[in-house]
1. What are the lysines whose alpha-carbon lies under 17 Å from the alpha-carbon of Lys120, with same-chain residues fewer than 8 places away excluded?
2. Using amide H atoms built 1.01 Å from N in the peptide plane, name the residues 5+ places from Ile6, or on other chains, whose amide H lies under 5 Å from its own.
3. Which ³J(HN,Hα) values in Hz, rounded to whole numbers, follow from the phi angles of region 116-124 under the Karplus curve 6.51 cos²θ - 1.76 cosθ + 1.60, where θ = phi - 60° and Gly and Pro get x?
4. At 0.36 nm per residue, and after removing the present C-alpha to C-alpha distance, how many nm does the segment from Gln45 to Leu9 gain when stretched out fully?
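Rule-based calculations on the coordinates, nothing more; no lab input. In this text the structure is predicted, and so the values were computed from the model without any measurement.
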Amino acid sequence: MDTKYISGLYSSPIVSQAENSIFLVLEFCAVGNLASYIRNHGRVQECVARKFMKQIGAGLEVLSIHRDLKPENILLSRIGNDPILKIADFCLSRMLNPDDLAERVCGSPFYMAPEILQFKKYDDKVDMWSLGAILFELLNGYLPFRGRTSVQILQNIKASLRLPFSEPILPQLHPDCVDLCSRLLSIDPDRLKGEMRASVRVQKHPDISMSRSAHQYNHQ
């Protein structure tokens, strides 16, 4: 598996008895994180969002379940002029066998799947919801669902009849991109139905697997 989209660990854990701490030496990503990238650039072109989704999806294939996928936990490195995204912060990650379910309530509410917000058991497809929220934010420049509390966020998710795409932006988006976003942000826990792992199905979705030039994405 390709691990270049995962933040690297460069040494074994260093235990400090004096400070009662464990230190990890991690890869330095000089460009910052995806949250600062969105703040500085605003919404991105669809071709850029597609490239980012492909990288994050490839990183998720290496993991069992992350549980706190959000722009702050996606670091940016660079090869030439091209940003390279690397998933980081694995404090809430865990191994999950194919037939197992997790039940701990954890993550960041704006990117947290509704099944977690409802205190239900869940599997790796909660990461797909988080991925959908990130994709939506990249395309629109704002979050798909907001609220002052987790309860309000869940209520807004349940009350939503369709995703709140920006009206000026929606006509510019390729139908495959809108479809992917809608599938990832489906309230049905079995989003992106299929036998393969959800992260693999993202890679095989037409919006990710098909190569399109920038002008085919942005009908401006």
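1. Counting by Cα, and skipping residues close in sequence, Lys120 has these lysines nearby: Lys158.
2. Hits under the 5 Å cutoff: Ile87.
3. Residue by residue, region 116-124 yields 6, 4, 9, 6, 9, 6, 8, 10, 5 Hz.
4. Length gained between Gln45 and Leu9: 9.8 nm.
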